[in-house]
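Q: Before I ask anything, here is the structure I am working with.
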Amino acid sequence: MASRNKGIFSLEFLVPNVLLLLVITLGVEVIFRLVVRPRVAEMEIEQQVMMNQPASKLRPSGDQQRSFFILIKDPEQEFEIIFFIWGMVFLGHKFVSVERERKLLQRDFVSVQPGERIIPEDSLDRYKELKTAVEREPKWRQRLLPECLLAALHRFHATNSIQDSSAAVRERAELAADQLDSSLSLIRFIAWSIPAVGFVGTVRGIGEALTHADEAIKGNLAAVTSWLGLAFNSTLVGLLLCLPLMYILHIVQSSQEALIIEIQKYCRDRLIDLMKVPAKDETRELYS
């Protein structure tokens, strides 16, 4: 979880923020062109045929398949679906990253024998050993747990203070927590934008419906009801998509916060509590 280059031309920005959005947009547009819009066109033709039939031959309408396609047929709903998929892919990536970090908690990065204590003179060797192991294993690079352990060992060697080592772990964990929280800012924007697009559809639908008010007065309600359908459907779809997205965002954020706590506990139990600063007499005995 080390900080990386986040410039506009960096891979970390381009891949999730631009390329992914383009791929999702293309995929959703293809589905709308091949499935949704043709199906809606068929439904409109069926509706016109049914309206031209005598009342005795009319069949009840409103089956679930028809309702679903009518519900999502407009551009606002398409944008809402694109944003929803975009946000879910991001959240899935964040959740997988948290689980990968959590798996490292099962490893023993600092091997200490029962009864053995870590003293400042040994911390440098342990630091070099752990750093070499992390550089040798690609899966451990830029992970928070090894970084916290390395920071604690380096601080312990430099200051001969267990409190400073503990503070180094806490500082690195707090920095990682801020980075994780900041990384969710785009998800929060997406979650906000989905119902916002729905409200745009509502305003557009009501505005267009009012322009056909004179036709409604004459008895032709088709145009008014069509635009009012856009107004209500866009808001309904936006709210329905926003609710699960916000819930999963809450789960991911809670997982990240729990991970930070678990890493600090790991460092305290596996490293900080095993540190010891020998008294001067003990130091002489060790090296006499």
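The values are calculated or read from the model by the stated rules, or taken from the named source; none is laboratory data. Quick caveat, the model's predicted, so the values are computed rather than measured. Using ideal geometry, Cβ is built from the backbone for each residue, glycine included, and neighbour counts are taken over all protein chains shown. When the accessible area is computed, the model is the full protein with side chains, heavy atoms only, and any ligands, DNA or RNA have been set aside. Shrake-Rupley method; radii C 1.70, N 1.55, O 1.52, S 1.80 Å.
Q: Tally up the carbon and sulfur contribution to the accessible surface of the chain as a whole percent, 1.4 Å probe, everything protein left in place.
A: Here carbon and sulfur together make up 61 percent of the probe-accessible area.
Q: In nm, to one decimal, how far is the modelled label at K265 from the one at A223, with both set 7 Å along Cα→Cβ?
A: For the pair K265/A223, the computed spacing is 6.5 nm.
Q: Still on this structure, I have one more. Could you check the simple spin-label distance between V35 and A133, using points 7 Å along Cα→Cβ, in nm with one decimal?
A: 4.9 nm
Q: Same structure again: At 25 °C and 0.890 mPa s, grab the translational diffusion coefficient of the chain from Stokes-Einstein with a Kirkwood Rh over Cα pairs, rounded to a whole number in µm² per second.
A: Estimated diffusion coefficient is 103 µm²/s.
Q: Calculate the dipole size of the chain relative to its Cα centre from +1 charges on Lys and Arg beta carbons and -1 charges on Asp and Glu beta carbons; express the result in debye to the nearest 20.
A: 380 debye
Q: Something else now. Pull up the cross-link candidates among the aspartates and glutamates for K265, meaning alpha carbon to alpha carbon under 13 Å and not fewer than 8 places away within one chain.
A: Candidates past the 8-residue exclusion: E257, D273.
Q: With every protein chain left in place, what is the accessible area per residue of the range 133-278 in square angstrom, probe 1.4 Å?
A: 52 Å²
Q: Once the Cα atoms of helix 144-159 and of the chain are each reduced to a long axis, what angle between those two axes, in degrees from 0 to 90 to the nearest 10, is obtained?
A: The helix 144-159 is inclined about 30 degrees to the chain.
Q: Hey, another quick one. Counting each pair of different Cα atoms once, what's the Kirkwood radius of the range 181-288 in Å, rounded to one decimal?
A: Answer for the range 181-288: a Kirkwood hydrodynamic radius of 19.1 Å.
Q: Once the Cα atoms of the range 124-249 are picked out, what are the Rg and Dmax in Å?
A: Cα-based Rg and Dmax for the range 124-249 come out at 28.3, 89 Å.
Q: 222 nm [θ] for the chain, helices only, -39500 (n - 2.57) per DSSP H run of 4+, per residue, to 500?
A: Helix-only estimate at 222 nm: -25000 deg cm²/dmol.
Q: Given H placed 1.01 Å from N in the peptide plane, which residues other than close sequence neighbours of I118 have an amide H under 5 Å from its amide H?
A: Hits under the 5 Å cutoff: M275, K276.
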